[in-house]
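In what follows, a structure is listed as C-alpha cells, so that the remarks can point back to it.
Nothing in this text is a laboratory measurement; each read-out follows from the coordinates by a stated rule. If you're wondering where the values come from, they're calculated on a predicted model, not measured in any experiment. Glycine gets a Cβ as well: all are built from the backbone with ideal geometry, and neighbour counts include every protein chain shown.
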Amino acid sequence: MGYVAVTAGEEIIERAADLFEKQRLDGDAETLSVVQLEGQLERLTAQAASEGGLYAPRLAALAVKQAQGDTVEASFLLRAYRSTLERWDETVTVDHGELFATRRVSPAYKDVPGGQLLGPTKDYTQRLLDFDLEAEDGREGEPDDPTAEWDVADEDPETVTNVMAILREEGLVEEPAAVGETEPSDTTRTPVTHPAGRDEVLQELARGETGALTALGYSALRGYGQVHPTLAEVRVGRLPVKIEHPYTGEVVTVTDVEVSESEAVVPVYAKRDDPQFAFGYGLTFGRNERKAIAMTILDASIQLDGRDEPAENPEFVLDVIDGMDSFGFIEHLKLPHYVTFQSILDRIRSIRERTLEGDGGANSGSDPAPTEVETDD
Amino acid sequence: MDDPNDRADRFELIAACEGAVLARLANEILESDPPLDVLQEPKPQLLMQRVREPVERRPFNLGEVVVTPAEVELGGERGFAMRPGKAERAAFSGAIVDAAIAGGHDRRATMTDELAAAAERREAERRRAWNESRHTAVEFETLEDDG
C-alpha cells in the first residue's frame, strides 16, 4: 500500500511554523546570536556537525539555532544544505598521527610518551550545578579569564606519539597485511551493502547519532557482547585538511578540523585456544569524546561479525545508527496515516463480523479470539 | 607555510588570514581598476575529508568539510584561493591577492607583510593552545599495596 497525499491549508501550516518560531522569540531575553552559539555551546554545535557529516562550525551553529537546540533536526538541516553543494574533491588522505592534540589521556599507559594532557575538561570534577554562572547574565565587560594568572611555558608545539604506534613498536600489534592503496567507499554516494567494508563501517559510525552509538556501545559493556575495551588513548585536537594545489600539484593545507579520537585494545576470549587482541577505532568531528569512545567499542564489536549480540551484528548496527534514518522513520508516524488506519479498521471489523457469523452469535457478548493483524506501513 | 612569494605557501597563508584583512587588500588592488576575470565564482563546495586509520592503515571518509574556492585572472595572472566555511567574500578577495602577488603588483611587499603577520598571529594562537594544554599535563601515580 502506498502513501496517499492529503491536503491542508498552506496558510495554516505557515501559522504553525510561525508559532514554533515565536517560541524562540517569546519572553524578555535577548535573542542568541549564531556567534554566541558557536563559541559558547560548541559541544552542541559539534554534535550537530558530526551527525550531519558536515564540518562547518558557523553553519552548525545556525542550524542549532533554527532547530531550537534539537541536534538531530540541526544535523538534518545541515545534510539538506549539503545536498545543494557540489563536491570540489576528496582531500589528500591525512594520517591520524597528524592530529594536533590539545587533550590526550591514555587509560592504558600511565607513563605514555608525550605525557597525559588533560586539556580542557571537567572529567575530574564533581557534577554539581554552578550557580555562579547565573551571575554572568547581563554582566557588562569581558568575562574573567580563569587562566589569566597562569604562568605557562613557551614551548614549540608537538604532536604526541600515538599509543597504537607504541604497541606496534613492541610487537603487540600485528602489522596489517600490505595491500595496495584502495579508494575508500563513500556511503554518502553509494548505499551500504552487506557485508560492509571497514571503510564503510567507519564512515557510517562517524556520522551516526551520538545517543544511538552510546546505547549500542553500552549494550556491549552490559554483557550483550564480548567487547569490554581498555582505551589506549583518547585525544581531542585538530586534523589538517589538505588538497593538491590546482596550479602546482603540491599538497597544501586549507584548514583544520576539530576532532575527537579514541583507540581501544580489546582482549577477545571467544577462541579459548587462541586468545587475541582486537582493536577498535573511533574518530568524529568536533569535541564529542562519548561518541568517539562508543564508536571504538562498536568498531571492535563489528569486527567480531557476530549474529547473536546486537552490537556485533554489522547489519543491525548500521541499520539503526543513523540519526536521519531513525528520526525520519520515528517522527513520520505522527504524519497523517488515515488510509492505513482506515484499512486496519476495515480488516478488524471484517474479522469481527466473520467471527460473530461463524459462532452464530454465541459469543456476541464477549471479545472475539485474538487474531494477528498485519499492517502495511 | 612562511614564504608568501611561494605559490603553495601563499595559498596556506591566504587560507589562514583573517577575511577582513584579505578584503582590505583586495579593495586596495582593485582601486586602480585592473582587468579582472572571474574564472571560478566563489561559492561553497565540499571537500570529503579522508583519514588513514591506525588499525588496518586504510583510508576512510570521515565526513565533508565546507570550503569556498575562487579563481580569478587579474591583469593576465591567475589567482586561486580556498577558504574554510561559507566565505564567498574572503575567497574572492584571497584569489585577487594571490593573483596580484603572482603578477608582481606594486603593493606586493605590503601584501606579503600582511600575510606573514596573519601567519604569525595564527602560529601564536597554536603555540598558546599547546602550552596551555601542557600546563594541564599530569603524572598519574599507582598506589602500590605494600602488604
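Each residue, A:Glu250 and A:Asp130, gets one label point 7 Å from its Cα in the Cβ direction; the gap between the two is 4.4 nm.
Dipole of chain A computed with +1 at Lys/Arg Cβ and -1 at Asp/Glu Cβ about the Cα centre; of A:Ile348, A:Gly328, A:Leu205, farthest Cα towards the positive end is A:Ile348. Please identify, among A:Val241, A:Val227, A:Val160, the residue showing maximal mean-square fluctuation in a Gaussian network model of chain A using a 10 angstrom Cα cutoff. For chain A, modelled as a Gaussian network with Cα springs under 10 Å, the answer is A:Val241. Inter-chain neighbour count for A:92-105: the average number of beta-carbon atoms from partner chains within 10 Å of each residue's beta-carbon is 4. Peptide A:282-294 has a mean of 1 when you count, residue by residue, the C-beta atoms of other protein chains within 10 Å of its C-beta.
Packing-based ranking of A:188-199, B:63-74, A:286-297, A:99-110 yields A:286-297, B:63-74, A:99-110, A:188-199, ordered from highest to lowest mean Cβ neighbour count within 10 Å. With the simple model of a label 7 Å out from the Cα in the direction of the Cβ, A:Glu98 to A:His332 spans 4.0 nm. Note on chain A: the alpha carbon radius of gyration divided by the globular reference 2.2 N^0.38 Å gives 1.25. Tell me, what is the FRET efficiency for A:Thr340 and A:Asp144 to the nearest 0.05, using R0 = 60 angstrom and their Cβ-Cβ distance as r? According to the calculation, E is roughly 0.55.
What shape does the range B:7-121 have by the C-alpha gyration tensor, where a ≥ b ≥ c are the square roots of the eigenvalues, rounded means a/c under 1.5, and otherwise prolate means a/b greater than b/c and oblate the rest? The shape class here is prolate. Computed from point charges on the beta carbon alone (+1 for Lys and Arg, -1 for Asp and Glu), the dipole magnitude for chain A about its Cα centre is near 960 Debye. Think of each Lys and Arg Cβ as +1 and each Asp and Glu Cβ as -1; about the Cα centre, that makes the dipole of the range A:12-82 roughly 280 debye. Shielding by partners for peptide A:233-242, expressed as the average number of C-beta atoms from other protein chains within 10 Å of each residue's C-beta, is 2. Each peptide among A:89-96, A:28-35, A:205-212, A:349-356 gets the average number of other Cβ atoms lying within 10 Å of its residues, and from highest to lowest they stand as A:205-212, A:89-96, A:349-356, A:28-35. Tell me, what is the FRET efficiency for A:Glu158 and A:Phe277 to the nearest 0.05, using R0 = 30 angstrom and their Cβ-Cβ distance as r? After rounding, the FRET efficiency stands at 0.60. With unit charges on the beta carbon (Lys/Arg positive, Asp/Glu negative), name the residue among B:Ser133, B:Ala117, B:Ala100 whose Cα is farthest towards the positive pole of the charge dipole of the range B:76-147. Farthest along the dipole direction, towards plus: B:Ala100. For the range A:12-82, the alpha carbon convex hull comes to 79 Å³ per residue, rounded to a whole number. In loop segments of the range A:116-161 as defined by DSSP, the GluC sites (Glu not before Pro) with at most 11 further C-beta atoms inside 10 Å of their C-beta are A:Glu140, A:Glu149, A:Glu155, A:Glu158. The residue among A:Ala49, A:Leu32, A:Ala61 whose Cα reaches farthest toward the positive pole of the charge dipole of the range A:12-82, with charges on the beta-carbon of Lys, Arg, Asp and Glu, is A:Ala49. Comparing A:Thr248, A:Thr84, A:Thr159 in a Gaussian network model of chain A where C-alpha atoms under 10 Å apart are linked, the largest mean-square fluctuation is found at A:Thr248. Under 1.5 on a/c is rounded, so check that first for the range A:12-137, then, if it is not, pick prolate when a/b is larger than b/c and oblate when it is not; a ≥ b ≥ c are the square roots of the alpha carbon gyration tensor eigenvalues. Oblate, because a/c is 1.5 or more while a/b does not exceed b/c.
Charge dipole of the range B:2-50 (Cα centre as origin; +1 on each Lys and Arg Cβ, -1 on each Asp and Glu Cβ, all else neutral): 320 debye, rounded to the nearest 20.
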